[in-house]
1. Look through Glu12, Glu37 and report the one residue that is touching a residue at least 12 places away in the same chain (Cβ under 8 Å), of a type in the set (Asp, Glu) and touching an Asp or Glu at 6+ places or on another chain (Cβ under 8 Å).
2. How many residues does the stretch 132-152 hold that are surrounded by fewer than 16 Cβ atoms within 10 Å (Cβ to Cβ), closer than 20 Å to Val19 by Cα and either touching a Ser or Thr at 6+ places or on another chain (Cβ under 7 Å) or not acidic (Asp, Glu) (or both)?
3. List every residue pair whose Cβ atoms sit under 8 Å apart, with the two residues 6 or more apart in sequence or on different chains, where the first one lies in the stretch 150-178 and is aromatic (Phe, Trp, Tyr) and the second, anywhere, is modelled with pLDDT under 65 and in a loop (DSSP other than H, G, I, E, B).
4. Just give me the residues in the stretch 18-35 being part of a helix (DSSP H, G or I) and either closer than 18 Å to Gly130 by Cα or of a type in the set (A, V, I, L, M) (or both), in sequence order.
5. Please tell me if Glu67 is surrounded by fewer than 20 Cβ atoms within 10 Å (Cβ to Cβ), part of a helix (DSSP H, G or I), modelled with pLDDT of 95 or more and of a type in the set (Asp, Glu).
6. Among the candidates Pro105, Pro123, single out the residue that is of a type outside the set (Val, Ile, Thr), in the same structural domain as Pro44 (by TED's automatic domain parsing) and more than 15 Å from the chain's Cα centre (by Cα).
7. List every residue pair whose Cβ atoms sit under 8 Å apart, with the two residues 6 or more apart in sequence or on different chains, where the first one lies in the stretch 80-91 and is within 16 Å of Lys35 (Cβ to Cβ) and the second, anywhere, is of a type in the set (A, V, I, L, M, F, W, C) and in a loop (DSSP other than H, G, I, E, B).
8. Checking the structure you have, find out if any residue of the stretch 102-119 is touching an Asp or Glu at 6+ places or on another chain (Cβ under 9 Å), in contact (Cβ under 8 Å) with a residue 60 or more places away in the chain and either in a strand (DSSP E or B) or more than 21 Å from Lys73 (Cβ to Cβ) (or both).
Amino acid sequence: MSGVLDGVRVVELASWTYVPSAGAALADWGADVIKVEGVAFGDPGRALVVGGFTREAARPDADFLLELGNRGKRSIAIDIKSETGRELFGRLLATADVFLTNWLPGALQRARLTVDDIRAFNPRIIIARGTGLGVRGPDRDRGGFDAATYLARGGVAYTLTPFGTDTPAVQGPGFGDL
């Protein structure tokens, strides 16, 4: 069965759950999604603990949280900080239609992966970025998690803060990174 995105190649440089879930949806629709992870550590989502569930308590043959956001993808580990790795990553970008990332703007700049850098590898590539606080403005390099970012930016945290205290309301565990 063919998907609406058959023939579309996506290079994903992302971790945790937010943007990888977008990549999984693109793969569900037929895109060829290639997840790029670091050589030393890989996606930190591999060590995600939610609501007290630990790796030791999980099934040894499955990692549902990681698999949910990474289903249907191919993957490769590349050291993009090395010149050889950067060259390999550039060759991969040159074959892609879409570059999907949740790296913050400062991290992309340090890695020499600004919009101009990426377009030097492939001038027609679509660049899709997902962050909690946007790619412009004073908080552009601050990451976030779903509930905390929503509560803080929507004014809900202020509303739920007990009167006379400086401590915001306690929230449950976050799941989606932003």
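1. Working: Glu12 fails: touching an Asp or Glu at 6+ places or on another chain (Cβ under 8 Å).
Result of the check over Glu12, Glu37: Glu37.
2. Within the stretch 132-152, residues that are surrounded by fewer than 16 Cβ atoms within 10 Å (Cβ to Cβ), closer than 20 Å to Val19 by Cα and either touching a Ser or Thr at 6+ places or on another chain (Cβ under 7 Å) or not acidic (Asp, Glu) (or both) number 6.
3. Partner pairs satisfying both residue conditions: Phe175/Val50.
4. Filtering the stretch 18-35 down to residues part of a helix (DSSP H, G or I) leaves 18-28.
Once the filter is applied, which keeps residues that are part of a helix (DSSP H, G or I) and either closer than 18 Å to Gly130 by Cα or of a type in the set (A, V, I, L, M) (or both), the stretch 18-35 yields Tyr18, Val19, Pro20, Ser21, Ala22, Gly23, Ala24, Ala25, Leu26, Ala27.
5. Criteria not met by Glu67.
6. Details: Pro105 fails: more than 15 Å from the chain's Cα centre (by Cα).
The conditions single out Pro123.
7. Short answer, once both residue conditions are applied: Ile80/Ala111; Ile80/Leu113; Gly85/Val39; Gly85/Ile78; Leu88/Ile78; Phe89/Ile78; Phe89/Ile80.
8. No, the stretch 102-119 contains no residue that is touching an Asp or Glu at 6+ places or on another chain (Cβ under 9 Å), in contact (Cβ under 8 Å) with a residue 60 or more places away in the chain and either in a strand (DSSP E or B) or more than 21 Å from Lys73 (Cβ to Cβ) (or both).
The values are calculated or read from the model by the stated rules, or taken from the named source; none is laboratory data. Being a predicted model, the structure only gives us computed values, none of them experimental. FYI the Cβ positions are ideal-geometry reconstructions off the backbone, even for glycines, and counts take in every protein chain you see.
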